[in-house]
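Contents: one structure, followed by commentary.
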Amino acid sequence: MAIELENVLPSEIEKRSFEIITEELTQNGIVLDPEKAPVIKRCIHTSADFDYAQNLVFSENAIARAKEAIRNGASIVTDTQMGRSGINKKRLAQYGGQVYCFMSDEDVAQAAKKNGTTRAVASMKKACELNEKLIFAIGNAPTALIHLYELIKDGRIRPELVIGVPVGFVNVVQSKELILTLEDTPYIVARGRKGGSNIAAAVCNALMYQVTRTQKSGK
């Protein structure tokens, strides 16, 4: 059987991938909100999973508020080194922000051991000490998301955005549902079990690229 390959230049692969995503969404009768589409499509591009067209939940004005935060120098806190690696740090630095992951820090390990918690919980506590605008991108640890919810409810931190996309089975769904109850905190949540550090990074990058495109267009 002959296998027909597309002749696509390396520089055009991403563009062609997004064209295929758009074509398949259209074929399936799925119409995306124009503001949310870049985020959803980049998650699909990252995972080849079209379920993200249905399971990503956005709070009101979440994208606009996140873009404004990035323009104003917000930094990003992740719960994995993988997530940190996947975020375009050079692009974020252009706006004055940086990417933090405290999971490998010795003081976080010691605090987790002392308090009988996960490192993810201890890393969220450490993030509270940062005196800057913060976006949280949680793609792995539901305990991080749960504790972040508690910190928000206690008034100890006011994130510019919570990206809640941990993947897995134990308390994953529940942790996301907690974030969906927040009334004054912008969020983007992947409802259900799906997610991951790659999805958390994809959402961050999609937001940054939108900021850049808006600035280039002058809108």
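General remarks:
- Per residue accessible area of the chain, 1.4 Å probe, in Å²: 53
- Build a GNM of the chain with springs between Cα atoms under 10 Å apart, and of ASN198, ASN72, ASN131 the one that fluctuates most is ASN131.
- Separation of the GLN98 and LYS153 label points, Cα + 7 Å toward Cβ, nm: 3.3
- C-alpha long axis of helix 13-27 to longest principal axis of the chain, angle in °: 80
- Each residue was assigned an accessible area with a 1.4 Å probe, and for MET208 the value is about 0 Å².
- The C-alpha atoms of the chain define a longest principal axis, and helix 106-115 lies at about 60 degrees to it.
- Between GLY96, GLY29, GLY86, the Gaussian network model of the chain with springs among Cα atoms under 10 angstrom shows the greatest mean-square fluctuation at GLY29.
- Highest-first arrangement of 16-28, 185-197, where packing means the average Cβ count within 10 Å: 185-197, 16-28
- Label-point separation, ASN131 to ASN72 (7 Å along Cα→Cβ), nm: 1.8
- Whichever aspartates and glutamates have a C-alpha closer than 16 Å to that of LYS113, once near sequence neighbours (fewer than 8 apart) are set aside: ASP105
- Volume per residue that the Cα convex hull of region 1-148 spans, once the total is divided by residue count, Å³: 170
- When you restrict to C-alpha pairs under 8 Å that are six or more residues apart and normalise by the size of the chain, the relative contact order lands at 24 percent.
- When peptides 138-147, 114-123 are ranked by their average number of other Cβ atoms within 10 Å per residue, the highest-first order is 138-147, 114-123.
- Loop-located GluC sites (Glu not before Pro) across region 34-104 with a Cβ neighbour count of 15 or fewer within 10 Å are GLU35, GLU60, with loop assigned by DSSP.
The values are calculated or read from the model by the stated rules, or taken from the named source; none is laboratory data. Given the structure is predicted, the values throughout are model-derived calculations rather than measurements. Backbone-built Cβ (ideal geometry, glycine too); neighbour counts: all protein chains shown. With ligands, DNA and RNA removed, areas are computed over all heavy atoms of the protein, side chains included. Shrake-Rupley method; radii C 1.70, N 1.55, O 1.52, S 1.80 Å.
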